[in-house]
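Here the structure comes first, spelled out in structure tokens, and everything after it is commentary.
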Amino acid sequence: MMSLPTLAVGLSAAGLTWWGYRLLRRDPLAQFDLPLGHLASVDSPEAKLQSKQALVAITQRLKASAASSSKLSIKRRVPIMREAMEAFFAETEKLAVSTFTPVDAAGVPAEWVVAPGVDADNSRRLMYIHGGAFFAGSPKSHRVITSKLSEITNSSVLAIDYRLMPEYSRRNSVEDCHTAYEWLLDNGSQGPGKAANMLVAGDSAGGNLTLVLLALLRDSGGRAPNAAVCLSPVTDCRFNSPSIFSNLSSDVMLKPLASRITRVPKILLRLSARHLARDNPSDPLISPLLGDLSNLPPTLVLASHDEILRDDGRRYVNKAVASGSKAEFVYFMKMPHVWPIFYPDLPEAELTFQQISGFLDRHS
């Protein structure tokens, strides 16, 4: 009979062999890490100086905003995150020039965002899905983006207030997006009427939900949008992308959250992700990168070269293209996560909206 010490040594060796295999095994998604994508950047010295000065101020504000909750548990941190996010963008929200009208989208709270001069024929519509790590954010916190999108796309924007974690599951968020989208097909800002042109956009967590929605509509036989746009989307909720680790020090916005992630063993991290989402992070309904990316509408993904979610976006686009779908990846240097929300302080935000406008003009 094997002695206990011998058994312990055997189990330890087996454990080390298993962990070694896990560490050395090549990530099958690594094939989608290149090419990087199309670089967009401001050219004038004045714009670069404005950007540099604005980034200093933004970084200071972000650090101050995160300081009060950086050491709290998720449960205690969520209400602080929500309040901080609304307050952080309260001043820039005042710059939005659109009208904002509350609406019930088949049970999903939302608001219509309509910029001055938008065509009132009620047929061109865009649904916007806000970010906030699935825990925070609202249509109000993202009015700078939705107002600008209404302006550049000449469309009525429906910004939805989907259910958030931890009170609800990720599937509840997906259900709200699907419900609101189907309602939007038959209802515009001026009342009932069929949509002639449909667009979907989202940032960060909202970018994830945008991409999940595209696949869900394809698989259910629903009407696909003419095109989609994602700002800094999270596409792999297993946190496997290389930039999660390589860009930790350069991502001023997500560093407080990501620094915790990188200190946790992956097996525990996935268990935690499963618990919070109440679902399997390997399910394409949670991680759209892991699903079938064929036969999807034209999609533009934008990310900062220096943020932790850069490779989430890059991998998604490269896999989508390899699957035969039309997708483009555009990146900006030294920008914070979802930098267009800092419009008009950052010249790169204006350039981003130009990129979005050009893409949608070509595909919608």
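Throughout, read-outs are computed from the coordinates displayed, never taken from laboratory work. Keep in mind the model is a prediction, meaning the values are calculated, not measured. Glycine gets a Cβ as well: all are built from the backbone with ideal geometry, and neighbour counts include every protein chain shown.
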*Would you pick out the residues in the range 292-331 that are within 22 Å of F89 (Cα to Cα) and either part of a strand (DSSP E or B) or aromatic (F, W, Y) (or both)?*
L302, A303, S304
*asked:* Just to be sure I understand the filter: pairs with C-beta atoms under 7 Å, separated by 6 or more residues or on different chains, first member in the range 223-236 and more than 15 Å from G206 (Cα to Cα), second member assigned to a loop (DSSP other than H, G, I, E, B). Which pairs pass?
replied: A224/P297; P225/P297; N226/P297; N226/S364; A227/P297; A227/P298; A227/S364
_Selected residue (criterion: farthest from D33 (Cα to Cα)) from residues of the range 224-245 that are of a type outside the set (S, T, N, Q) and not in a loop (DSSP other than H, G, I, E, B)_ = A227
*asked:* I'd like the full set of residues that are assigned to a helix (DSSP H, G or I) and aromatic (F, W, Y), limited to the range 334-364.
replied: W339, F342, F353, F359
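Let's see how each residue does on (1) within 30 Å of I58 (Cα to Cα); (2) touching a Gly at 6+ places or on another chain (Cβ under 9 Å):
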{"residue": "L164", "(1), (2)": "yes, yes"}
{"residue": "C177", "(1), (2)": "no, yes"}
{"residue": "N187", "(1), (2)": "no, yes"}
{"residue": "N208", "(1), (2)": "yes, yes"}
{"residue": "L231", "(1), (2)": "yes, yes"}
{"residue": "R238", "(1), (2)": "yes, no"}
{"residue": "I244", "(1), (2)": "yes, no"}
{"residue": "M253", "(1), (2)": "yes, no"}
*Examine the range 189-206 for a residue that is surrounded by fewer than 21 Cβ atoms within 10 Å (Cβ to Cβ), free of Cβ contacts under 8 Å to residues at least 40 places away in the same chain and not in a loop (DSSP other than H, G, I, E, B), and state whether such a residue exists.*
yes
_Number of positions in the range 211-243 that are within 17 Å of S325 (Cβ to Cβ) and among the aromatic types (F, W, Y)_ = 0
*So L285, is it surrounded by 20 or more Cβ atoms within 10 Å (Cβ to Cβ), of a type in the set (A, V, I, L, M) and on the phi < 0 side of the Ramachandran plot*: no
